[in-house]
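Report on the structure given below.
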Amino acid sequence: MIEIGTQVDLPHPADRVWRAVTDPALLARWFAGAEAVPDRPGRWRVGTAGLPGFDGDVEIGAVRQRAPELLAVRCVEGARNTELTCVLTTTAEGCRVTVRETLEQGDWPAGQGARREECYRQSLAGRLPALLDWLAFREVDLRRDSAAPTAVLPVALMAEVARPSSRGRTGWVVAGAGAAALALGLAGWALLPQEREEPTGAAPASPQARPTATPSPSRSATPARPTSAQPSRSAPPSRSPSATPSRPPTPTPTPVVAGPLDARYATVSTRVFGYTGEVVVDNQGGTPATGWTVVVTLPRGSSAAEVTGADWRQDGQSVTFTGPAVAAGGTQAIRFDVRTADPVTKAPQGCTVDERPCAGL
């Protein structure tokens, strides 16, 4: 039995994610289009031809279903049969989506299973969150001043989905929604904290050392009168050989001690509901650093994804990174995407490397 799968945490409730997974019109916007198979009730054909890891379109039929927690479908793709399971688990920040596909008949050529798994991961962590933000935007009552928006509709998605069918009242509604989205974006920009420039100044000069006084020359003592001595007979030189000079001792090398690691954080890019962060681990010691740990603390309701440069896991607000040894004098860069429901926050709340704070925060 061969199984592939992926998992992603989303800042959206399970019922909203369930709708995006089971509604064919919404499924087409983040994964692939689906249409009912003629004369086969309950069967759908998903247009996966051309997606990485797929040989063609897949025909699916529900096996188990429990809204909004579990959906299991049997997939037929040529001579290959698989069972695809999607589990939605409610979390404090939203929900966790776990997708597993088990091969029941046929096989996957070398590398095809990995490409298929990567296709699921990119769809769940990239395109699905954009659609969920749009669904959250539609749930906002723009007529109430006290209503706080839960998401802002991406401009490209609004232009594609909310296309007016006439020039009547619908056009005014879409225009009002666009103006409200623009106002929310400007408000978020106005609330962004201004970056402060660190003052650059020359380092203070070290105090000059006081000149030491030159000692005054002392008077030389009068040499004593030499006393005469009786000449003594010198002893004849001995014929014993001179001792062989000893070899100088070999210096013992000073052991190289691994110093503590340093790390610095920087926000690489930003978007309305998220940003891309980077932590660079710096080893100034004389030996490779192994077993290091970087912990980034995210604001409540945020989730990490698309991590490169390290292995990682998220537990609540803490994201823990571990990776390969950092060579002496070398660095290791970790880059990750963060999704958040707060349009103002564009950096983590904290960052440490081996429990030492990172620079840049």
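The values are calculated or read from the model by the stated rules, or taken from the named source; none is laboratory data. These figures come from a predicted structure and were not determined experimentally. Glycine gets a Cβ as well: all are built from the backbone with ideal geometry, and neighbour counts include every protein chain shown. Heads up: the accessible areas ignore ligands, DNA and RNA and are worked out on the full protein's heavy atoms, side chains in. Shrake-Rupley method; radii C 1.70, N 1.55, O 1.52, S 1.80 Å.
Numbers at a glance
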quantity: Qualifying positions in region 295-309 - modelled with pLDDT of 95 or more and open to solvent by 10 Å² or more (accessible area, probe 1.4 Å); calculated: 295, 297
quantity: So residue 80, is it of a type in the set (Lys, Arg), over 25 Å from residue 337 (Cα atoms) and over 27 Å from the mean Cα position of the chain (by Cα); calculated: yes
quantity: Residue identified as of a type outside the set (D, E, K, R), over 30 Å from residue 6 (Cβ atoms) and modelled with pLDDT of 90 or more among 249, 288; calculated: 288
quantity: Some residue of region 325-336 being within 20 Å of residue 122 (Cβ to Cβ) and either among the aliphatic types (A, V, I, L, M) or surrounded by fewer than 20 Cβ atoms within 10 Å (Cβ to Cβ) (or both); calculated: yes
quantity: Flag if residue 352 is open to solvent by 30 Å² or more (accessible area, probe 1.4 Å), over 25 Å from residue 271 (Cβ atoms), among the β-branched types (Val, Ile, Thr) and outside any loop (DSSP other than H, G, I, E, B); calculated: yes
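Quick grid of which residues meet (1) open to solvent by 10 Å² or more (accessible area, probe 1.4 Å); (2) at pLDDT below 85; (3) part of a helix (DSSP H, G or I):
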| site | (1), (2), (3) |
| --- | --- |
| 110 | yes, yes, no |
| 114 | yes, no, yes |
| 118 | yes, no, yes |
| 127 | yes, no, yes |
| 135 | no, no, yes |
| 143 | yes, yes, no |
| 149 | yes, yes, no |
